[in-house]
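Accompanying notes for the structure given below.
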Amino acid sequence: MIAEGRHIEVRGTVQGVGFRPWIWRLARETGVNGRVSNDSRGVTIEAFGSGKALDTFLDGIRTSPPPAAEIHDLSWSAIPPEDAGEFVIVASRVREGLEVSIPPDLATCTDCLAEIRDPSNRRYRYAFTNCTNCGPRFTIAREVPYDRPGTTMAAFPMCALCRAEYEDPADRRFHAQPNACPECGPMLLALSATGEPIPGMDPLRRASDALRAGLIVAVKGLGGFHLACDAASPDAVARLRRRKRREEKPFAVMVPDLAAAETCARISPAERALLLSTERPIVLLERREDSPIAPDVSADTPLVGLMLPYTPLHHLLLEEAGRPLVMTSGNLSEEPIACGNAEAITRLSGIADGFLVHDREIESRCDDSVTRVIAGRPTVLRRSRGWVPRAIRVEVPFAEPVLACGGHLKNTFCIGLGNGAYIGPHIGDLENMETLAAYEEAIERLQDFLKVRPEVIAHDLHPNYVSTAYARAREGRKIAVQHHHAHVASAIAEHGLDGPVLGVAYDGTGYGNDGTAWGGEILCVEGASCERLGTFRPVNLAGGDAAIREVWRIGLAMLWDAFPDGPPLSQFPLFAGIARHQIDVVGRMLAGRVSTPPARGVGRYFDGFGALFLGRPVSRYEGQIAAAWNSIADESERGSYPFDLDESNDPPELDLRPSIRAAVSDYFAGQSAPAISARFHNTISKATAALVESAFEKAGSLPVVLTGGCFQNDLLARRVVEELAGVSLYLHGRVPPGDGGLALGQAFVASAVVSRGGV
Ligand code: ZN
Ligand code: ZN
Ligand code: FE
């Protein structure tokens, strides 16, 4: 046998995911000698053996890495053979690195699950069981490199048995930083509604008894507290809504396993894969009519957000409780998720009837991620636990480190560094002090992990966003990025597109270059340049933001626009419930253009149509009526309404007044809301094709990206894809189409501005 040598470099998420022990086992199986080590950018291997053995070894790395590993890059070169003896794992070489070495939190693996269910195992029913393939990572990390002393597990010295596992390369727990057992690790504790410890009874049993009795329990999980209650009990759900002051917004539900999920929702293979992925996100699914879940969990939508347990604690709790559990963020509406024990007791007493806590601290709060299959494609709608702080790889490296501050609602931020875009955890709506503090804290932490303090600060163009104020208060060069330019850029960055791209950016609102609200935009984007090639005729928002809550005002504005001689108001049940003088006041505002800022958001048309044809005057949370209007559509209806494209306007403007008139006459003729909604969706899709075609005439045929919050709407996305058949088309997958993706786009644009020498 002629020995050969190979130097192999593996880049990607390969640390803290059991990669080295797996390499070690693979080397032993394939008869390869040598060594493997972590470095700041990944894993380096020096392998020696026969050419055939080395090929098999490399093939194995390529084709069957551990589930949580993500290989971006595998390269090798020949080196002189060496008689290396046994294959060994050598200590980390930590250099100043460009890539964060902390992996995301990983869902409990099947081996650990088997152990906690095995009465003869020393980890039987132990809620903090983990190994190199699973367990907490990002949420417990205090500093880099990711090592036990730099995590919140530093407080728990390992017992002799755990230590032996930790030090044995052949063990599944070799260098599993959070390794623990009931002898040495964190423990559960039950607390009363006022936060007093309840001694004696098993905390898990106590919590599950309370849940079965219909009570609300605050459960300390991985990235923060959940408020849990029996999802099958209408009373429990109603009580949670009242106490949490969340009247209508859907709650997420955790079910014990896939079989239980199937009883609640219809699940496609792509959705099943999302549910079972190591990220374990919430997956939005079509609820079954005979679902055991109380209807009030997600009242206004045919969807239900389900997730599977992702820590041993959740597995044990779900098994003991024996029913699906509402698991919603432990906060009052619009505040950040609570993560410390004392903080949770202060903020959640009055909501929870009791607490299930533990003594492992959560260093970084991290909400559950949310996903949905959109137009057949698994799409991340909220990118948080399970993904953070994994980088999105970008084709063109960032010109220099960039901090992008994001938007306003459902916000997060992004740090661009090298070829990585690090999107931070979901923060929420930047509307109160608590959220701002959580936002600043999360930015500081990710900067520390990456050992970087960017001097280029990108932010939204909106002068009054809190994130803009934060950006302005920072040292550095500020780059303002228009909202929809950033949306389009986020898709360009996600897909590594080169050259100019036509972006279809549809959302509720975003500050435009002219100071008005945009949101139905056709943009030609190449890096820092952005040309507007189409838009929607604006709707006038009587009273500004008030109209976004009182959507009847949007309905009224659309009618006045489409019927200038006086709309047939008396025939709409919508207006029967609204005081005459209010309708008159708003009518006068619209006629006199007083406090009626124009808004071009496609989302506003969803609001207005929903208000008129569902008879729904008020939206109680962002996007409620738009989502209701979407979900009622009868997909078998393929008709559509007429529209105009005013090419004399610069940019060309899509005029939906003919559609409004046609929908109104449909309505008066007794056409059903599901049919009108379907025709509305089909109309927007055909109008999009017309706008794209008009833009192609100016800019040539370009790749098209669909972006913005409206593309969380599966039906709209599918119809637009159909209408744009033959076009090279990109939809989001790993990056949220909504404002959770904005920061990535801002970082991308800012980098382009910098490399052009713009700042
Ligand atoms: Zn495990
Ligand atoms: Zn132990
Ligand atoms: Fe947006």
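Tabulated data
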| item | result |
| --- | --- |
| Accessible surface, per residue, of the chain when the full set of protein chains is kept, probe 1.4 Å, Å² | 37 |
| In Hz, Karplus ³J(HN,Hα) per residue of segment 443-458 (6.51, -1.76, 1.60; θ = phi - 60°; x = Gly, Pro) | 5, 4, 5, 5, 4, 4, 4, 8, 6, 8, 9, x, 9, 9, 10, 9 |
| Sum of side-chain charges, PRO157 neighbourhood, beta-carbon under 11 Å (Lys, Arg +1; Asp, Glu -1) | +1 |
| Segment 394-426 versus segment 534-570: alpha-carbon centroid distance in Å | 37 |
| Surface share of carbon and sulfur [accessible, 1.4 angstrom probe, percent] for segment 4-89 | 46 |
| Fraction of beta bridges assigned by DSSP in the chain that are antiparallel (%, nearest 5) | 75 |
| Stretch gain in nm, segment ALA579-THR194, where the contour uses 0.36 nm per residue and the Cα spacing is subtracted | 134.1 nm |
| Sites matching GluC sites (Glu not before Pro) across segment 452-548 that sit in DSSP coil, with at most 16 neighbouring C-beta atoms within 10 Å | GLU455, GLU475 |
| Sites LYS451 and ALA170, calculated FRET efficiency, Cβ-Cβ separation with R0 56 Å, nearest 0.05 | 0.95 |
| Portion, in percent, of the accessible area of segment 447-510 that falls on carbon or sulfur, probe 1.4 Å | 45 |
| Inter-probe distance in nm under a simple model that places probes 7 Å from Cα toward Cβ, at VAL594 and PHE696 | 4.8 |
| Crossing angle, helix 714-723 versus the chain [Cα axis fit, 0-90 degrees, rounded to tens] | 70 |
| Lysine pairs with alpha-carbon atoms under 29 Å apart, the chain, spacing 8 or more or separate chains | 9 |
| All-pairs Cα distance distribution in the chain, expressed in whole percent, bin size 20 Å | 16, 47, 31, 6, 0 |
| Carbon/sulfur fraction of accessible area - segment 188-358, other protein chains in place, 1.4 Å, % | 55 |
| Helix axis angle, 657-668 relative to the chain longest principal axis, alpha carbon, degrees | 80 |
| 0 to 90° range, to nearest 10: angle between helix 602-614 axis and the chain longest Cα axis | 60 |
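The values are calculated or read from the model by the stated rules, or taken from the named source; none is laboratory data. These numbers come from a predicted model, not from an experiment. Counting neighbours? That spans all protein chains shown, and the Cβs are built from the backbone with ideal geometry, glycine included. SASA here: full protein model, heavy atoms, side chains in, ligands and nucleic acids out. Shrake-Rupley method; radii C 1.70, N 1.55, O 1.52, S 1.80 Å.
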